[in-house]
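The values are calculated or read from the model by the stated rules, or taken from the named source; none is laboratory data. These figures come from a predicted structure and were not determined experimentally. Note that each Cβ is placed from the backbone with ideal geometry, even for glycine, and that neighbours are counted across all protein chains shown.
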Amino acid sequence: MKVILPVAGKGTRLRPHTHTKAKSLVHVGGKTVLEHIISRLESLEISEYIFITDENGQQIEDFMARRFPQLPCRYIVQQQRLGPAHAVALASPAVGSDDDLLVVFNDTIFVTDLTQIPTLCADADGLIYSCEVEDYQRFGVNVVKNGRIVEMVEKPDKPVSRLAQVGLYYLKNGRGFIDYIEQTIAAGDTVKGEFYLPAVFVRMIADGLILHAPEIDAWLDCGKPETLLETNRYLLQGRHHIHGEVENSVLIEPVHLEKGARVRDSILGPNVSVAAGSCIEKSIIRDSIINADNHVSNMILEGSLLGDAVSLIGGPRRMNIGDHSIIEMNH
């Protein structure tokens with residue numbers, strides 16, 4: 001099996017955190033998004049990891065070489081922003097006639113047992129992993145009859161299906177799948193000038209190929225700050241890991257403190273992750289992600305996301321308050 005990981009894209013919904021950093025290298029739950037994804041693939045026999053990158057590709061290469069030096073990786077730059085299907089098609093030279101493919105987009109950390117792929121795909125040509133959602137109007141959904149996908153609808157007005165596509169795909173015939181993408185691109189089948197995978201899958205279904213829509217256990221969106229914090233809360237459940245230095249402080253579970261992080265005279269938690277190199281002192285922080293090399297002092301933070309090398313320094317207030325006063329300082 002080969003894995004295609006399209007990690008290009010500006011990550012505009014995560015700005016300013018993605019102005020200078022690849023969005024898959026943002027921290028959540030004590031690791032980068034990319035590290036969470038790669039760790040979920042380690043149970044598979046993968047012959048090559050194919051990264052489709054952009055101008056931040058060197059960051060991805062450096063991270064993989066440092067964190068996963070044993071993995072066979074290939075890097076291909078997407079020079080033109082022509083959509084996710086175009087990004088996958090760039091892997092064409094690396095995909096042989098006997099390769100099966102797993103395509104993983106990096107906005108999503110998934111929770112599912114990938115070792116079940118042979119069983120799930122025994123009588124099918126591919127798997128389009130899905131998750132049942134309430135707000136189906138926001139997603140492309142799979143319409144399933146008798147266990148197979150018969151139609152795909154992008155952001156439906158009516159509840160024709162609640163099975164949203166989560167950005168995780170398995171194709172038994174990898175070369176054939178790439179050929180279908182190239183047909184779609186040659187036909188100019190675009191949405192707002194970009195090529196998307198549903199148009200490819202619709203062609204496959206029309207030709208009689210069988211696609212299943214297995215549901216994943218959890219779909220952890222990392223595409224914008226508020227969902228990143230939700231994912232942080234999910235990933236920290238039952239994981240109270242203190243690898244850094246703690247002095248005269250209270251940690252309310254769960255907290256993830258990386259090696260090289262320091263906490264002094266503070267209260268942290270619940271649901272706080274702190275990356276290496278950060279120093280927190282005389283502060284109260286809950287439900288937040290603190291990335292690497294930050295200095296936070298005399299602050300009260302909640303629902304906050306700090307990038308790398310941030311210096312956030314507060315200070316005490318002086319007050320002269322009379323009887324029967326009500327003072328609320330929420331911001």
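Restrict the check to region 275-284 and report whether at least one residue is closer than 17 Å to L228 by Cα, in contact (Cβ under 8 Å) with a residue 12 or more places away in the chain and either assigned by TED's automatic domain parsing to the domain that holds S24 or small (G, A, S) (or both). Yes, that holds for at least one residue. On inspection, H212 does not qualify as farther than 18 Å from F110 by Cβ and either touching a strand residue (DSSP E or B) at 6+ places or on another chain (Cβ under 8 Å) or buried (at least 21 other Cβ atoms within 10 Å of the Cβ) (or both). Considering region 235-252, the residues that are crowded, with 16+ Cβ neighbours inside 10 Å and closer than 30 Å to V133 by Cα include one that is nearest to the chain's Cα centre (by Cα), namely L235.
Within region 174-198, how many residues turn out to be outside any helix (DSSP H, G or I) and surrounded by fewer than 18 Cβ atoms within 10 Å (Cβ to Cβ)? Steps first, please.
Going residue by residue through region 174-198, those that are outside any helix (DSSP H, G or I) are 187-196.
When the remaining residues are screened for being surrounded by fewer than 18 Cβ atoms within 10 Å (Cβ to Cβ), the result is 187-194.
Here the count works out to 8.
Within region 55-73, if we keep just the residues that are under 14 Å from V7 (Cα atoms) and aliphatic (A, V, I, L, M), the residue that is modelled with the highest pLDDT turns out to be M64.
Just one of the numbered conditions (1) under 30 Å from Q79 (Cα atoms); (2) among the aliphatic types (A, V, I, L, M); (3) buried (at least 19 other Cβ atoms within 10 Å of the Cβ) is not true of V202: (3).
State the number of residues belonging to region 9-54 that are modelled with pLDDT of 75 or more and of a type outside the set (D, E).
Looking only at region 9-54, we keep the residues that are modelled with pLDDT of 75 or more, and these are 23-54.
Among the residues that remain, those that are also of a type outside the set (D, E) are: 23-34, 36-41, 43-44, 46-47, 49-53.
Matching residues across region 9-54 total 27.
In this structure, is A91 at pLDDT 95 or above, on the phi < 0 side of the Ramachandran plot and assigned by TED's automatic domain parsing to the domain that holds E48? For A91, the condition - at pLDDT 95 or above, on the phi < 0 side of the Ramachandran plot and assigned by TED's automatic domain parsing to the domain that holds E48 - is met. Within this structure, T119 fails the test of being in contact with a Phe, Trp or Tyr (Cβ under 7 Å, 6 or more places away or on another chain) and among the polar types (S, T, N, Q).
Scan region 135-186 for residues that are under 17 Å from T108 (Cβ atoms) and of a type outside the set (D, E, K, R) and the total you get is 13. Here V160 meets each of (1) within 21 Å of V202 (Cβ to Cβ); (2) touching a residue at least 24 places away in the same chain (Cβ under 8 Å) with one exception, condition (2).
In the same structural domain as L25 (by TED's automatic domain parsing), within 21 Å of the chain's Cα centre (by Cα), modelled with pLDDT under 90 and on the phi < 0 side of the Ramachandran plot: is that true of L102 in this structure? Give the derivation first.
Values: in the same structural domain as L25 (by TED's automatic domain parsing): yes; within 21 Å of the chain's Cα centre (by Cα): yes; modelled with pLDDT under 90: no; on the phi < 0 side of the Ramachandran plot: yes.
In short, no.
Residues are listed down the side, and each one gets a yes or a no for (1) touching a Gly at 6+ places or on another chain (Cβ under 8 Å); (2) of a type in the set (S, T, Y); (3) under 30 Å from K145 (Cα atoms):
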| site | (1), (2), (3) |
| --- | --- |
| L209 | yes, no, yes |
| P214 | no, no, yes |
| K224 | no, no, no |
| N232 | yes, no, no |
| V246 | no, no, no |
| G260 | yes, no, no |
| S273 | yes, yes, no |
| I280 | no, no, no |
| L305 | no, no, no |
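If we keep just the residues of region 217-242 that are of a type in the set (A, V, I, L, M) and either out of contact with any Cys (no Cβ under 9 Å at 6 or more places or on another chain) or in a loop (DSSP other than H, G, I, E, B) (or both), which is modelled with the lowest pLDDT? Walk me through how you get there before you give the answer.
The first filter runs over region 217-242 and keeps only residues of a type in the set (A, V, I, L, M), leaving 218, 220, 228-229, 235-236, 242.
Among the residues that remain, those that are also either out of contact with any Cys (no Cβ under 9 Å at 6 or more places or on another chain) or in a loop (DSSP other than H, G, I, E, B) (or both) are: 220, 229, 235-236, 242.
Numbers: L220: 86, L229: 90, L235: 92, L236: 92, I242: 91.
Filtering region 217-242 for residues that are of a type in the set (A, V, I, L, M) and either out of contact with any Cys (no Cβ under 9 Å at 6 or more places or on another chain) or in a loop (DSSP other than H, G, I, E, B) (or both), the one modelled with the lowest pLDDT comes out as L220.
Restricting to region 254-294, and then to whatever is surrounded by fewer than 20 Cβ atoms within 10 Å (Cβ to Cβ), among the aliphatic types (A, V, I, L, M) and more than 15 Å from G314 (Cβ to Cβ), can you tell me which residue is nearest to the chain's Cα centre (by Cα)? Ranking the candidates gives A292 first.
What do you reckon, is D207 in contact with a helix residue (DSSP H, G or I) (Cβ under 9 Å, 6 or more places away or on another chain) and not hydrophobic (A, V, I, L, M, F, W, C)?
Numbers: in contact with a helix residue (DSSP H, G or I) (Cβ under 9 Å, 6 or more places away or on another chain): yes; not hydrophobic (A, V, I, L, M, F, W, C): yes.
Yes.
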